[in-house]
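Here's the structure we're looking at; comments come further down.
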Amino acid sequence: MDIFFRPKFEKRFKKLSREIQKLVEERIKIFINDPFDSRLKTHKLHGKFEEYFSFSINNKYRIIFYYTENDKDVKFYSIGTHDIYE
C-alpha cells in the first residue's frame, strides 16, 4: 500500500506540534502494517464524508483518509481535531 498526502493534510500536519507530529508518524507505521489495527480505532464515516474513513492519533486528533480507485493505495485527506469533519 502506498500513502499519498493531499495538500490539505500536509498544511495541517505542519501546524501541529513536534510532539504530535512524532505521534502521527508512529500511528502511520501501525496503519501501514494494518489499517484496522484496534489501536487506531479505524471506522467508516457517514454523511458528507461517507466515502472516507478515519483513525485516531490520540483522544484529540484524527486522520481522515480514503482508498484510491484501485483500493490498494490510500490518500490522507486531512488531520486535526473533530473540527476537520465540518
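What follows draws every value from the coordinates through simple rules; no lab data is involved. It should be emphasised that the depicted structure is a prediction, and the values quoted were computed from it without experimental measurement. All Cβ positions, even for glycine, are placed from backbone atoms using ideal geometry, and neighbour counts span all protein chains on display.
Highest mean first, what order results for 54-61, 4-11 on Cβ atoms within 10 Å? If you can, show how the numbers build up before the last one.
On the way: 54-61: 15.5, 4-11: 13.5.
Order by mean packing, descending: 54-61, 4-11.
Note down the net charge around TYR52, summing +1 for each Lys or Arg and -1 for each Asp or Glu among other residues with Cβ under 13 Å from its Cβ.
Working: positive: ARG6, LYS8, LYS44, LYS48, ARG62, LYS75; negative: GLU50, GLU51.
So the environment of TYR52 carries a net charge of +4.
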